[in-house]
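Q: Take a look at this one; I'll ask things after.
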Amino acid sequence: LQDAPTITLQDIAKEDFLLLDMDDHIPIVNHYWTEQNLQPRIKFKSTSIEAIRGMVAQGHGVTILSDFVYRPWSLEGNRIVRRDVSNVIPSMDIGAVWLQARPLLPSAEMLIDFIRKQKTA
């Protein structure tokens with residue numbers, strides 16, 4: 001899969017799948033697999049993004065994660081390859097909430113600006 005510019009869920013279904021069990025991730029994952037009448041071959045499930053990323057980098061399987069958490073290496077320094085999935089994968093929305101009566105700290109403003117830039121990238 002790492003040599004293909006674009007892959008499909010059908011391609012991914014043939015591989016060992018590493019599933020992130022966090023927040024609303026599992027219902028979203030189940031939805032897009034069900035929409036394609038496919039099921040992933042779940043080899044491992046974890047609540048840790050870094051555990052999933054590390055296992056992908058070591059060649060233990062593949063996963064589907066948001067571009068927001070992508071970086072091309074694991075904590076151990078191993079390479080992680082990102083590929084586009086041609087099937088429609090729903091986006092995961094994030095938001096920020098704060099009290100209007102209290103001014104934002106500069107660090108909070110920087111975080112919100114960073115998130116906005118990721119959305120348009």
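The values are calculated or read from the model by the stated rules, or taken from the named source; none is laboratory data. Model, not experiment: these values are computed from the prediction. Ideal geometry is used to build each Cβ from the backbone, glycine not excepted, and the neighbour counts take in all protein chains shown.
Q: Condition check: assigned to a loop (DSSP other than H, G, I, E, B), touching a residue at least 40 places away in the same chain (Cβ under 8 Å), under 25 Å from ALA4 (Cβ atoms) and under 13 Å from the mean Cα position of the chain (by Cα). Does VAL81 satisfy that?
A: yes
Q: Name the single residue, out of those in region 84-96 being part of a loop (DSSP other than H, G, I, E, B) and of a type outside the set (S, T, N, Q), that is modelled with the highest pLDDT.
A: Going through the qualifying residues, I end up with ALA96.
Q: In region 24-32, is there at least one residue being loosely packed, with under 11 Cβ neighbours inside 10 Å and either part of a helix (DSSP H, G or I) or at pLDDT 95 or above (or both)?
A: Yes, because at least one residue in region 24-32 is loosely packed, with under 11 Cβ neighbours inside 10 Å and either part of a helix (DSSP H, G or I) or at pLDDT 95 or above (or both).
Matching residues to (1) over 24 Å from ASN30 (Cβ atoms); (2) among the β-branched types (Val, Ile, Thr); (3) in contact with a strand residue (DSSP E or B) (Cβ under 6 Å, 6 or more places away or on another chain); (4) assigned to a loop (DSSP other than H, G, I, E, B):
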residue	(1), (2), (3), (4)
LEU65	no, no, no, yes
LEU75	yes, no, no, yes
TRP98	yes, no, no, yes
MET110	yes, no, no, no
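Q: Limited to region 24-79, what total is found for residues that are of a type in the set (A, V, I, L, M), within 21 Å of ASP11 (Cα to Cα) and out of contact with any helix residue (DSSP H, G or I) (no Cβ under 9 Å at 6 or more places or on another chain)? Quick ask: steps written out before the conclusion?
A: Narrowing region 24-79 to residues of a type in the set (A, V, I, L, M): 26, 28-29, 38, 42, 49, 51-52, 55-57, 62, 64-65, 69, 75.
Okay, now just the ones that are also within 21 Å of ASP11 (Cα to Cα), so 26, 28-29, 38, 42, 52, 55-57, 62, 64-65.
Keeping just the survivors that are out of contact with any helix residue (DSSP H, G or I) (no Cβ under 9 Å at 6 or more places or on another chain) gives 26, 28-29, 42, 52, 55-57.
Of the residues in that region, 8 qualify.
Q: The conditions are (1) surrounded by fewer than 16 Cβ atoms within 10 Å (Cβ to Cβ); (2) touching a residue at least 60 places away in the same chain (Cβ under 8 Å), and VAL62 fails exactly one of them. Which is it?
A: The one condition VAL62 does not meet is (1).
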